[in-house]
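Just so it is clear, none of the values below were taken in a lab; they were calculated from the coordinates. Please read all numbers here as calculations on a predicted model, not as lab measurements. When we count neighbours, we look across all protein chains shown, and the Cβ atoms used for this are built from the backbone with ideal geometry, even at glycine.
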Amino acid sequence: MEKITADELKSYRPYHPGELLKDELKYRHLTQKTVAEQLGLPYTAFNEILNGRRPVTTDFALFMEAALGVPAYLLVGMQTDYNLQVAQKDSKLIKRLAQIRKVAAAL
């Protein structure tokens, strides 16, 4: 039986950084509406980020760092990891990558 290291494990479901922020707000007993209003962000956009329907941008990550103390680099890194995990499950992209690897092998 082949051993798998922790580095080789893939998350069952990609974890969007908005989920972490949503949990942080809940822990602090803050509502999305209150935080969005205080930061001057549209509630709908804020809610979509927290529910994983919009990406965390660098600007937004910096806002969250200033407001909640969650490091911006952590949120941006989580978003990058999330994007990669989603892309790695995209069947069209998987096929295209296989084609590229075949071409690259011949170079």
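When only Cα pairs under 8 Å and 6 or more residues apart are kept, what is the percent relative contact order across the range 16-86? Don't skip to the end; give the middle numbers.
Details: 57 pairs, mean separation 23.8, N = 71.
This gives 33 percent for the range 16-86.
Where does helix 91-106 land angle-wise versus the long Cα axis of the chain, in degrees 0 to 90, nearest 10?
40
Whole-Hz ³J(HN,Hα) for each residue in the range 69-77, computed from phi via Karplus 6.51 cos²θ - 1.76 cosθ + 1.60 with θ = phi - 60°, x for glycine and proline: what do you get?
x, 7, x, 4, 4, 5, 5, 5, x
If each DSSP helix of 4+ residues adds -39,500 (n - 2.57) and the sum is divided by the residues in the chain, what number results at 222 nm, nearest 500 deg cm²/dmol?
Result for the chain, helices only: -20500 deg cm²/dmol.
Would you work out which of Leu68, His29, Tyr82 lies farthest towards the positive end of the dipole of the chain? Charges go on Cβ: Lys and Arg +1, Asp and Glu -1.
Going by the charge dipole, the pick is Tyr82.
Based on the inverse mean of 1/r over its pairs of different Cα atoms, what is the Kirkwood hydrodynamic radius of the chain, in Å?
Computed over Cα pairs of the chain, the Kirkwood hydrodynamic radius comes out at 16.0 Å.
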